[in-house]
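Participant: Please see the structure below; I have some questions.
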Amino acid sequence: MPYKIYSTPESIHNYYSVYVKDTLVPLHEARVSAYPFNRRWPGHQRPVEQSELAYFVSFEMDEPVQIKICPQKSFKEVIIRPMSKGICPEVVNGTIYFTLSKSGGYTVELDGYHHALHIFADPVKKYAVDIKSENTIYFGAGIHDAGIINVKSNQTVFIDEGSVVYACIHGENSENIRILGRGILDNSKNMEEILFEVDKFGDGSFDVGNAKRLNTIQFKNCNHIEIDGITIRDSLLYNITTWGCEDLLVDNVKIIGCWRYNSDGIDMHNSSKCTVRNCFLRTYDDSICVKGHDGYSQLCEDILIENCVVWNDWGQSLHIGAETRAEKMCNITFRNCDVIRNTYAAMSIANVDYGEVYNVLYEDIRVECDHVCQKPQFQINDETNFIVDYKCDFLPKLMSACILKHHEYSEGKSRRGKIHDITFQNIKLFSNRMLPSFFEGFDSEHKINNIYINGLYLNKRQIADLNEAKVTISSFADNILLK
């Protein structure tokens, strides 16, 4: 069979009706950020009024399939992202038709990004899991309220298709752990615990010291971890985070429904031998990050991120930092990824600590940018509202690297690091204008040098020089070259 529709305990059809060939696909809701509006942690969660509903469908396919979408509203324009896939839909009497040639994560937008439809087309896969084994934590079809699942060595959490599991999954000092399946790991019941009240909000004088918050999937000092196939929805904090881990594989994971503060996508802290591939992430904060913190391994190395689609509603998209408390952060590759929406920078390195960041490759990265991008705004107090500017001239950055001391993230450390030997190769921007890029060192002892941009394109036109590329080279940055 060329495709398979998953069973599900939840399904709605109040905004889109989606068909694979002639089969109606269950539609799911996910709450997302309505606009780029953020503030310092104010002692309570972001109000739901700053969010909106988006939608997603999931199914398997092993050959091209025809998609039919019947929206419940009229529209003028439909765009299917990533634009690099070249999908040109046909619209007949308000119904959208197109063909998906291969599996992957796609987004359908009608007259802009609001209430988008996300399509998660999984490759066909059969998991080798003994669901009756004492080492398997199995969730079959239905709704499960599991709380916090603490996994141990040699255990598998299997979230089967048709299941919605309300839970966090945590592990520490363990190995050989798997989280597999085609079901949904839902974190919406995970709420912050306010430890004490504060009198002032939004003045930037505090972060999250008055609250306890839990990440959705978290591993500390663990080895040999595999996370495959699941969809994570509505994380309170980070979706997937590792601390001092080695040998991590994250494959075909879909992250959606991020609208609460600091809901990063995949953050690897002081971890090595990590691979993240074939994932779709729509996050409200940084999307895919490599970071360093005290108390763990002093190495972040041999990390590969490839074949991913990123939608960033706030923060950085493909990022190293800002925390860089690891002596060596090296041999890091971002390859063949699509950044379909971007807030601050598509490809960025922010070194605010003592780490030496080097041998980093951004290769075959495609970035999309709308004609008008809303400028990210900070909420000063509870009464402040987001102001939409339809003539906004804000542009997110395409590439950036900087060394700096940050009043919060540097945590008072006096040591500064270095950034060198960074390559941006075959970078393609889909936009009506070039996005700016920025490079700046800290001082003569802590410089940025040997930055190579090999092949930069605006639509189909190759950019000839740094001036045309809108590259700003600030102080203590040497040997920035475009070929």
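Bear in mind that the values in this text are calculations on the coordinates, not laboratory data. Keep in mind that what you see is a predicted model, and the values were worked out from it rather than measured. Cβ sites come from the backbone with ideal geometry, for glycine too, and all protein chains shown count toward neighbours.
Participant: Could you tell me which of ALA167, ILE131, GLY94 has its Cα farthest along the dipole of the chain towards the positive end, charges placed at Cβ (Lys, Arg +1; Asp, Glu -1), taken about the Cα centre?
Facilitator: GLY94
Participant: Between segment 1-80 and segment 378-457, how many Å separate their Cα centres?
Facilitator: Value for the Cα centre distance between the two parts: 31 Å.
Participant: Could you work out the local net charge near GLU468, counting Lys and Arg as +1, Asp and Glu as -1, over the other residues with Cβ closer than 12 Å to its Cβ?
Facilitator: Working: positive: ARG433, ARG461, LYS470; negative: ASP465.
Net local charge, GLU468 excluded: +2.
Participant: Any idea which of GLY417, THR384, SER400 is furthest toward the positive side of the dipole for segment 357-431, if Lys and Arg beta-carbons carry +1 and Asp and Glu beta-carbons -1?
Facilitator: Farthest towards the positive pole: GLY417.
Participant: Just round it to a whole percent: the fraction of Cα-Cα distances in segment 285-417 exceeding 26 Å. Numbers along the way, then the final one.
Facilitator: Working: 2610 of 8778 pairs.
Tail of the P(r) past 26 Å holds 30 percent of the pairs.
Participant: Now for a different question. Quick check: net charge around TRP311, other residues with Cβ under 9 Å of its Cβ, Lys/Arg +1 and Asp/Glu -1?
Facilitator: Numbers: positive: ARG81, ARG282, ARG341; negative: ASP313.
Counting the neighbours of TRP311, the net charge comes to +2.
Participant: Which of the GluC sites (Glu not before Pro) found in segment 41-84 are in a DSSP loop and have at most 11 neighbouring Cβ atoms, other than their own, within 10 Å? Spell out each step's value before the answer.
Facilitator: Values: sites: GLU49, GLU52, GLU60, GLU77; in loops: GLU77.
Loop-located and lightly packed - GLU77.
Participant: Return ILE217, ILE119 ranked ascending by Cβ neighbour count within 10 Å, so the fewest neighbours appear first. Write down the numbers at each step before the final one.
Facilitator: Working: ILE217 28, ILE119 22.
Listed from fewest to most nearby Cβ atoms, that is ILE119, ILE217.
Participant: Based on Cα positions only, what radius of gyration and what Dmax would you give for segment 254-349, in angstroms?
Facilitator: Calculated on Cα positions, Rg and Dmax stand at 12.5, 35 Å.
Participant: I need VAL92, VAL471 ordered by Cβ neighbour count within 10 Å, fewest first.
Facilitator: Values: VAL92 8, VAL471 22.
So the residues, fewest neighbours to most, are VAL92, VAL471.
Participant: In whole percent, what relative contact order does the chain give with Cα contacts below 8 Å and a gap of six or more residues? Mind showing how you got there, number by number?
Facilitator: Values: 1467 pairs, mean separation 46.1, N = 483.
About 10 percent, as a whole number.
Participant: Taking only C-alpha pairs under 8 Å that are 6+ residues apart, what is the relative contact order of segment 3-123 in percent?
Facilitator: On the way: 242 pairs, mean separation 33.3, N = 121.
After rounding, I find 28 percent.
Participant: Mind putting a number on the dipole of the chain about its Cα centre? Charges go on the C-beta only, +1 for Lys and Arg and -1 for Asp and Glu, and I need it in Debye to the nearest 20.
Facilitator: Numbers: 50 positive and 64 negative charges, 181 e Å.
The calculated dipole for the chain is roughly 860 debye.
Participant: Which of the trypsin sites (Lys or Arg not before Pro) found in segment 98-184 are loop residues per DSSP with 16 or fewer other Cβ atoms within 10 Å of their Cβ? If you can, show how the numbers build up before the last one.
Facilitator: Numbers: sites: LYS102, LYS125, LYS126, LYS132, LYS152, ARG178, ARG182; in loops: LYS102, LYS125, LYS126, LYS132, LYS152, ARG182.
When the trypsin sites (Lys or Arg not before Pro) of segment 98-184 are filtered for loop state and at most 16 Cβ neighbours within 10 Å, LYS102, LYS125, LYS126, LYS132, LYS152 remain.
Participant: Hey, got the dipole for segment 3-123? About the Cα centre, +1 on K and R Cβ, -1 on D and E Cβ, debye to the nearest 20?
Facilitator: On the way: 12 positive and 13 negative charges, 78 e Å.
Using Cβ point charges on Lys, Arg, Asp and Glu, segment 3-123 gives about 380 debye.
Participant: Right, another one. Find the percent of Cα-Cα distances in segment 3-123 that exceed 17 Å, and round it to a whole number. If you can, show how the numbers build up before the last one.
Facilitator: Working: 4237 of 7260 pairs.
That fraction is 58 percent.
Participant: Please identify the chymotrypsin sites (Phe, Trp or Tyr not before Pro) of segment 42-102 that satisfy two criteria: DSSP loop assignment and at most 16 other Cβ atoms within 10 Å. Which are they?
Facilitator: Working: sites: TYR55, PHE56, PHE59, PHE75, TYR97, PHE98; in loops: PHE75.
For chymotrypsin sites (Phe, Trp or Tyr not before Pro) across segment 42-102 that sit outside H, G, I, E and B with at most 16 neighbouring Cβ atoms in 10 Å, the list reads PHE75.
Participant: How do HIS420, HIS28 rank when sorted from fewest to most other Cβ atoms within 10 Å of their own Cβ? Numbers along the way, then the final one.
Facilitator: On the way: HIS420 18, HIS28 22.
Least crowded to most crowded, the residues run HIS420, HIS28.
Participant: Dipole of the chain (Lys/Arg Cβ +1, Asp/Glu Cβ -1, origin at the Cα centre): which of GLY112, TYR284, ALA54 lies farthest to the positive side?
Facilitator: Looking along the dipole axis, the top candidate is GLY112.
Participant: If you wrap a convex hull around the C-alpha atoms of the chain and split its volume per residue, what is the figure in Å³?
Facilitator: On the way: hull volume 68.4 nm³, N = 483.
Convex hull of Cα atoms, per residue: 142 Å³.
Participant: Then there is this: I need the semi-axes of the equivalent ellipsoid of segment 142-244: take the C-alpha gyration tensor, multiply each eigenvalue by 5, square-root it, list largest first in whole angstrom.
Facilitator: 28, 17, 10
Participant: Next up: Could you tell me the largest-minus-smallest coordinate of the C-alpha atoms of segment 87-165 on each of the three principal axes, in descending order and whole angstroms?
Facilitator: Computed over the Cα atoms, the extents are 54, 26, 21 Å.
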